[in-house]
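Worksheet: one structure, shown below.
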Amino acid sequence: MSEQEIREGMLLAVWDEPPLDFDPDKLIRRVEQKKSRRRALVAVGVATAMIVVTSLALPGLLPRDQDGQLASNGQPPPSSAPPSVSAEKKGQRIGDKLTEKLGLRMTNFKEVYASFRGGAYAYNPNSPTTPPQRPWDPELSGFVHFTDEIGPTALRVILTKDRTVAEQICAGATTCRDVAQSDGTTVTEAQIMEGQELARSVVLRKFPSGYFAEISSFNYNPATGQGLRQAAPVPVEVLTTLVTDPDVHWE
């Protein structure tokens, strides 16, 4: 028998035998440590699973508002501010109402329509662009166009916060008076005469917010600077009904 065979035989003989320094107490302590570590890992896994399940179920239990958003501390979500209205849309809204009301008051007028732009007292109706805004320009201005038995002309309309319009309305006026309104606004009526004919009639409504709405009728067409006629086509009484009509929302 060779040396290698003797070595392999001895290994087989002692393969299942414990080593000489085998300590049963150490083996038991090692098994207990493994058991404790396994229990701790299982406990952590169970706690993690419960947290995940709770976080998924909680949104469905909380109250929601009408838009499906989660309510916060029992308070409704803050409402968003309404979008601001552009000068073009505001002018169109005012112009449409003034056109309707003027047509009802002055039944002899034909082809009644309005044109408005922001930031200019007067403008060329054939120009596609709006002139630059100047500090003294109104917020909104335009014309209510119409044709009567004499020809085409217009009313000039201004919406502004510039107090100059209130300071100058009575300058050169033959008659000028303030008429308080029940809603807290004040209407100033002014007429400028040339001889026995009405050259200009104008009304100015002052709002508590500081806005001024002015409507004027001239003895010419203010939209073109032409069309001179003997008298202004719209009396001050009609202008007052237009500027105070509750259906015309100036602000």
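List of remarks:
- Residue in the stretch 115-137 that is closer than 15 Å to Asn221 by Cα, within 29 Å of the chain's Cα centre (by Cα) and modelled with pLDDT of 90 or more present: yes
- Within the stretch 145-169, restricting attention to residues that are of a type in the set (Val, Ile, Thr) and part of a strand (DSSP E or B), the residue that is nearest to Asp96 (Cα to Cα) is Val157.
- Listed by first and then second residue, the pairs linking a residue in the stretch 203-227 that is not assigned by TED's automatic domain parsing to the domain that holds Val179 to a residue that is polar (S, T, N, Q) and in a loop (DSSP other than H, G, I, E, B), with Cβ atoms under 9 Å apart and 6 or more places separating them unless they lie on different chains, form an empty list.
- Residue list for the stretch 172-200, restricted to those being of a type in the set (Ser, Thr, Tyr) and surrounded by fewer than 18 Cβ atoms within 10 Å (Cβ to Cβ): Thr174, Thr175, Ser182, Thr186
- Odd one out for Gly172, checked against (1) free of Cβ contacts under 8 Å to residues at least 60 places away in the same chain; (2) closer than 16 Å to Leu98 by Cα; (3) assigned by TED's automatic domain parsing to the domain that holds Thr153: (2)
- Yes/no for Ser217 being at pLDDT 95 or above, closer than 25 Å to Gln92 by Cβ and not basic (Lys, Arg): yes
- Restricting the stretch 59-112 to residues that are in a loop (DSSP other than H, G, I, E, B) and of a type in the set (Ser, Thr, Tyr) leaves a set whose member that is modelled with the highest pLDDT is Thr107.
The values are calculated or read from the model by the stated rules, or taken from the named source; none is laboratory data. Just so it is clear, the model here is predicted, and its values are computed rather than measured. Every residue, glycine as well, gets a Cβ built from its backbone with ideal geometry; the counts of neighbours run over all protein chains shown.
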